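Participant: Questions regarding the structure given below will be posed in turn.
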Amino acid sequence: MQIRRALGIGLVTAALLAGAACSNDDPGDGSGGPSGGDKGTINLSGQNFGEMQIMAAMYEQVLENAGYQVDVKLVDTRDVYEPQLESGAVDIAPDYLAGMADLLNTLANGADAPSISRHSAAATLAALKPMAEAAGITMLSPARATDQNAFAVTTQFAKDNHLTTLSDLAALGQPITLAAAPDCEGRSDCEGGLSDRYGLDIVKILPTGFGSAETKDSVTKGESQLGLVATTDGALAEENLVILQDDKGIQPAQNLIPAVNSEFLKDNPDVATILNKLSAVLTTSDLASLDLKVDVNREKPGDVAAEYLKSKGLID
């Protein structure tokens, strides 16, 4: 389970659900075309941070371009809107493949249930679909874009040691200080996987955060040799950092994927076609570029979404 997406797996309280119903965060001002709502209103939710604000804006704009009216209410965590997806209070949410798989698995089988998410998107989706269907949720086609945990070194260190993969780093046999999130120790997708699967000698973990400025500064300044970042961090090259390939697959597939209430989809089957067209073109590189514009350049998610969708011919 991805560290940044692992927040909020516990059961939702009634008060939290009530708070979600009052939330109405606008992901931006970009217009996706006709919004007369001839086809009716769609209730769209999702997590309220930069990348998901962009995804919500893209979903909103392609759906409005197709004649729907879209009401967007973003919330803090997945476990707020997931019960609303089941009940039909929320019709659609952009999500992450392994994140949704792990939540539904936890809700169905308990917190100690073995994870059903895998490094393969196809395997993770195959395990997720029956659980989603049982909950009244349909998972559409995953995008090629994936926002996973990743590990970066300085560009110079990689060049000097001919590193492209984490296995290459392990082969050096050097002690490694890792800058990462505080809960990294022992996790199969973090220190545990680096130590057990790759054989890296992690001698110290600095609790600098996930993909934070402190984590990246720690690596560039030589305080640590390896830092926990995201595959969609578009600023890494400018900061002279490079991601080492996860060649042994310790990261679960976190492809962007639309989650849709099944009853709503039966009544509105064209929604699958509309959102699947977006998933078919969206790449990790695209997502990194979009994130950079919002998180670093402070552009509005709606404007960034509109520019991208127009460039791909997905809205007028």
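Participant: Any idea which residue in segment 147-175 is nearest to Leu287 (Cα to Cα), counting only those that are free of Cβ contacts under 8 Å to residues at least 60 places away in the same chain and of a type in the set (A, V, I, L, M)?
Facilitator: Ala170
Participant: Take Leu244 and tell me if it is surrounded by fewer than 22 Cβ atoms within 10 Å (Cβ to Cβ), under 25 Å from Tyr81 (Cβ atoms), in contact with a strand residue (DSSP E or B) (Cβ under 8 Å, 6 or more places away or on another chain) and at pLDDT 95 or above.
Facilitator: Against the criterion (surrounded by fewer than 22 Cβ atoms within 10 Å (Cβ to Cβ), under 25 Å from Tyr81 (Cβ atoms), in contact with a strand residue (DSSP E or B) (Cβ under 8 Å, 6 or more places away or on another chain) and at pLDDT 95 or above), Leu244 does not qualify.
Participant: If we only count strands (runs of 3 or more DSSP E) wholly inside segment 82-168, which ones have 1 or more residues that are in the same structural domain as Ala57 (by TED's automatic domain parsing) and more than 23 Å from Gly211 (Cα to Cα)?
Facilitator: Hits in segment 82-168: 92-96, 137-139.
Participant: Okay, moving on. Using beta carbons and a limit of 7 Å, which pairs, at least six apart or on different chains, have the first residue in segment 79-104 and within 22 Å of Ser115 (Cα to Cα) and modelled with pLDDT of 95 or more and the second one in a helix (DSSP H, G or I) and among the acidic types (Asp, Glu)?
Facilitator: Here the result reads Leu103/Asp79; Leu103/Glu82, each pair linking segment 79-104 to a residue that is in a helix (DSSP H, G or I) and among the acidic types (Asp, Glu).
Participant: Looking at segment 55-78 only, could you name the residues that are in a helix (DSSP H, G or I), among the charged types (D, E, K, R) and farther than 19 Å from Asp147 by Cα?
Facilitator: Passing the criteria: Glu60, Glu64.
The values are calculated or read from the model by the stated rules, or taken from the named source; none is laboratory data. Please read all numbers here as calculations on a predicted model, not as lab measurements. Neighbour counts are summed over all protein chains in view; Cβ atoms, including those assigned to glycine, are modelled from backbone coordinates with ideal geometry.
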